[in-house]
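One structure is given here, and the rest of the page talks about it.
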Amino acid sequence: MKLIDTAIEGCFILEPRLFNDDRGYFFESFNEAQFRNLTQTDIHFVQDNQSFSKFGVLRGLHAQNGDHAQAKLVRVLQGEVLDVAVDARKGSATFGEHVSVLLSAGNQKQFFVPKGFLHGFVVLSETAEFFYKCDNYYNKGAEVGIRYDDPTLNIDWSLSKDQISVSEKDLILPQFNDIFQR
């Protein structure tokens, strides 16, 4: 597995070593010892989640607060998404900045999103199956989120607004500056 740094400290792209032949491919999608060694993090994942979405579905931007904060290791099993992590760590040099990564079944890349980040993705293919590991259990009372189209963040989701489908719950989320202050 190869680790690729991003513009924001703590966020990593992981590229697996694929073994291809005329029958298909094989790769090790997760190895805890190798992950810890590459990322220099002491992460223990406790929950796996999976979603299926159609073209244009945007899920995000979400996080868990306080003792329920989650680090995530995300990947796409089928299809293609644009995955986004927003730094919401107070005092961080990159507070309010974001990283976007194209994840697909074809490139098999994974994206590590540490605690203290908002996270979301939009489906760019006809459909996509999205899979992620979390290092903490989900807690409804610790949910926090901001609008995907927050003008302060200025995220380019690669689709026009009329192509994007967002849940009613996500449409009423507050703006970044309404919740997160430096």
Residue that is crowded, with 19+ Cβ neighbours inside 10 Å, in contact (Cβ under 8 Å) with a residue 24 or more places away in the chain and farther than 26 Å from ARG36 by Cβ, where the choices are PHE176, PHE121, PHE117: PHE176
Test for TYR137: is it among the hydroxyl-bearing types (Ser, Thr, Tyr) and over 26 Å from PRO16 (Cβ atoms): yes
From the options LEU102, LEU73, residue that is buried (at least 21 other Cβ atoms within 10 Å of the Cβ), outside any loop (DSSP other than H, G, I, E, B) and either modelled with pLDDT of 95 or more or not β-branched (Val, Ile, Thr) (or both): LEU73
Scan of the range 1-47 for residues that are exposed (fewer than 11 other Cβ atoms within 10 Å of the Cβ), of a type in the set (S, T, N, Q) and part of a loop (DSSP other than H, G, I, E, B), ordered by number: GLN40
Test for SER158: is it in contact with an Asp or Glu (Cβ under 7 Å, 6 or more places away or on another chain), among the polar types (S, T, N, Q), touching a residue at least 24 places away in the same chain (Cβ under 8 Å) and not in a strand (DSSP E or B): no
Qualifying residue in the range 55-68 (condition: in a strand (DSSP E or B) and closer than 18 Å to MET1 by Cβ): no
Odd one out for LYS115 among (1) farther than 21 Å from ARG17 by Cβ; (2) touching a helix residue (DSSP H, G or I) at 6+ places or on another chain (Cβ under 9 Å): (2)
Test result for VAL122, more than 17 Å from GLN50 (Cα to Cα) and either in a strand (DSSP E or B) or under 12 Å from the mean Cα position of the chain (by Cα) (or both): no
Among the candidates TYR148, TYR132, residue that is within 16 Å of the chain's Cα centre (by Cα), farther than 30 Å from ASN37 by Cα and crowded, with 16+ Cβ neighbours inside 10 Å: TYR148
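The values are calculated or read from the model by the stated rules, or taken from the named source; none is laboratory data. Computed from a prediction, not measured in an experiment: that's the story for all the values here. No Cβ is skipped: glycine too gets one built from the backbone with ideal geometry, and neighbour counts run over all protein chains shown.
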